1. I'd like the full set of residues that are farther than 23 Å from ALA338 by Cα and among the hydroxyl-bearing types (Ser, Thr, Tyr), limited to region 256-290.
2. What are the pairs, 6+ residues apart or on separate chains, where a residue within region 445-458 that is within 22 Å of LEU517 (Cα to Cα) has its Cβ under 9 Å from a residue that is part of a loop (DSSP other than H, G, I, E, B) and open to solvent by 80 Å² or more (accessible area, probe 1.4 Å)?
3. Working carefully through the options ARG133, ARG158, find the one that is without any contact (Cβ under 8 Å) to a residue 24 or more places away in the chain, farther than 20 Å from LYS52 by Cα and of a type in the set (Lys, Arg).
4. Listed residues TYR426, TYR436; which is closer than 21 Å to LYS551 by Cβ and out of contact with any strand residue (DSSP E or B) (no Cβ under 9 Å at 6 or more places or on another chain)?
5. Of all residues in region 219-270 being assigned to a helix (DSSP H, G or I) and open to solvent by less than 40 Å² (accessible area, probe 1.4 Å), which is farthest from ASP313 (Cα to Cα)?
6. Can you name every residue in region 560-579 that is in contact with a strand residue (DSSP E or B) (Cβ under 8 Å, 6 or more places away or on another chain) and part of a loop (DSSP other than H, G, I, E, B)?
7. Specify the residue that is surrounded by the fewest Cβ atoms within 10 Å (Cβ to Cβ); the eligible residues are those in region 77-103 that are among the hydrophobic types (A, V, I, L, M, F, W, C) and in a strand (DSSP E or B).
8. Just to be sure, is LYS239 out of contact with any helix residue (DSSP H, G or I) (no Cβ under 9 Å at 6 or more places or on another chain), under 28 Å from SER401 (Cβ atoms) and at pLDDT 95 or above?
Amino acid sequence: MLAGEYGSAYTQGLQQYTGDEEVVQSVVTLKHFLAYSIESYHGVTRQMVDVKVSAYDMSATYTPAWEATIKKGKALGVMCSYNAVNGLPTCGNPALNATLRDDWGFLGYMTSDSDSCACIIKGHPQGHGGPPRPTNGTDATKQCLMGGTDIDSGGTYRSYLAAAIRDGELEETVARLALKNSYKMRGWLGLFDPLVPNKYKKITTDEVGSAEHQAASLLAAQKSMVLLKKGVLPFTPGKRVAVIGQSVNDTNSMTGNYDGPLCPGGGASCFMSIGQAVQGLNVGGETEVLVSTDSGRAAGLAAGADYVILVVDNFHDGGGEGHDRETIGLSTAQVSLAEAVISANPQTALVLVNGGMISLDHLKDLAPAILDAFMPGVHGGTAIAQTVFGLNNPGGKLPVSMYHSSYVNFSDFLNMSMVNRTYRYYTGEPLYQFGYGESYTSFELSWGLPPPAATATVSRVDDSQMVYRVAVTNTGPVEGDEVVMCFLQPDEDSFDSLGPESAVEIRRLVGFERVTLKPGASADLGFAVSPQQLGMVDSDGHTSLHAGRFKLVFTRGHGEELAADVRVQPEGGRPMRIKTLRKWW
């Protein structure tokens, strides 16, 4: 649910398209479709893998965010991936194209990844998941076009399309449909009709990086801060502060490894690093910055400081284009650094800067305070400094669970099953659970008015939504944000019509609301839960209303929770179909 909401909001913001506009600001291309989790892992590359996904996992995990972003976000572009799924390359799969266009109402174009159509020529898959099935270029072109790939981002169509049509292997109407889908997007961008009003043509370079846009970027960074342990935070400015870490003066470490030039001269040095931002806010104090993982030097500096901001990251040892992470823990040098600094000064705040999740292991208990900034962008240094000094009250929640670093030792990521993965199925105890996040203030939850019925009953797919009202109150001393989440928690023992290969989630996010409250203030939040959201996926991948019981749990990610009971009793006593999976295997 969260990925679909994020994708939809991102798409809507970029495209400025609700379905009625004649001209859009841009065309968003979602990638990579579908079940694309392997770059290069244990010798298996993205070009040679045929991933095996069960019908249950396909419907319960691998397609929902795509469906939401296309239906709600109105995305106008999709990029198919290098890999094959269940025997067919994603760029040459008519069933996936029918799912996009017929089932989800996709109106846009589909492009290949950088000549992923060429993978078919070489024989996709080429070594993992099945024997290679090499073919010729005209057949690969036919497979891609028949699979809905309108644009080949490479040389396959250029080299073989004309011959495929000339020799009768491909009907010209198929190529013309691909051409129509591709140029339709250019039409929506207003490139061909000077008479259609197009406000986006009036955007000048002066608007790029404007003060308004910079403020929005900073606000996003501030809102994304996740406080995992308040401890000794916030710090008081005007003291001796040591800022320590291998990337504390590298703004690029906060932007990821797949972006273009962010400053006029390239790079990101025109934006403040963490060290520079701390120095700017520590008015009347002394700030020393150490860019190093040398434990001895760091401990010496830390011992003489009033406060220490210790930054660890996976910018240099995380994943990227063409290669996967093999570990989720910190590098040995950074673990030793953290141990030495924390031992030298108990007034230490551990700040995480990370793309993928970092496992803290024993540092979770050792660190006096922990702030997870993820990769907060060009204004991340400012947002981190403001948060550490209490000028920004963190209100973010973890979008993933944090596991112990040993998790990778018993997980085979070539296995696409979701068993024991994510908060929805993980049966162990994570270091921090999905949705966790503290604040510099405190909050309480209570039922709003009217309180929920003892048990709500749903019998039809078209029944009315159930509305639950939850009151959240700021009971602490400062203004702050709180996120209230609604989870659906099935009672596994109450379901007997799902099939033997169908898992039952531990819990599933179905809604969330974020609110800003001054001290003593309250807000009444409404959560509407539809019968469709109570749908359960069976072993054939079909989603239906099945007889069973649920709890709706309302939580802040920690502390007290509110719960309401829901019972599903389908009319007629049989499961009521909501969605049907198109299988090709």
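1. If we filter region 256-290 for residues that are farther than 23 Å from ALA338 by Cα, which is where we start, we get 257-272, 280-281, 283-285.
Within region 256-290, TYR258, SER269 meet the criteria.
2. Sorted first by the residue in region 445-458, then by its partner, the pairs are LEU445/GLU561.
3. Working: ARG133 fails: farther than 20 Å from LYS52 by Cα.
Checking each option against the conditions leaves just ARG158.
4. Numbers: TYR436 fails: out of contact with any strand residue (DSSP E or B) (no Cβ under 9 Å at 6 or more places or on another chain).
After ruling out the rest, the residue left standing is TYR426.
5. The selected residue is GLN222.
6. Matches in region 560-579: GLU560, GLU561, GLN569, PRO570, PRO575.
7. Step one: list which residues in region 77-103 are among the hydrophobic types (A, V, I, L, M, F, W, C), which gives 78-80, 84-85, 88, 91, 95-96, 98, 100.
After this cut, where a residue has to be in a strand (DSSP E or B) as well, the list is 78-80, 84-85, 88.
On the way: VAL78: 27, MET79: 22, CYS80: 29, ALA84: 28, VAL85: 25, LEU88: 19.
Applying the filter and picking the extreme gives LEU88.
8. Values: out of contact with any helix residue (DSSP H, G or I) (no Cβ under 9 Å at 6 or more places or on another chain): yes; under 28 Å from SER401 (Cβ atoms): no; at pLDDT 95 or above: yes.
The answer is no for LYS239.
The values are calculated or read from the model by the stated rules, or taken from the named source; none is laboratory data. The structure displayed is predicted, hence computed values, not measured ones. FYI the Cβ positions are ideal-geometry reconstructions off the backbone, even for glycines, and counts take in every protein chain you see. Surface accessibility is based on the protein's heavy atoms, side chains included, excluding ligands, DNA and RNA. Shrake-Rupley method; radii C 1.70, N 1.55, O 1.52, S 1.80 Å.
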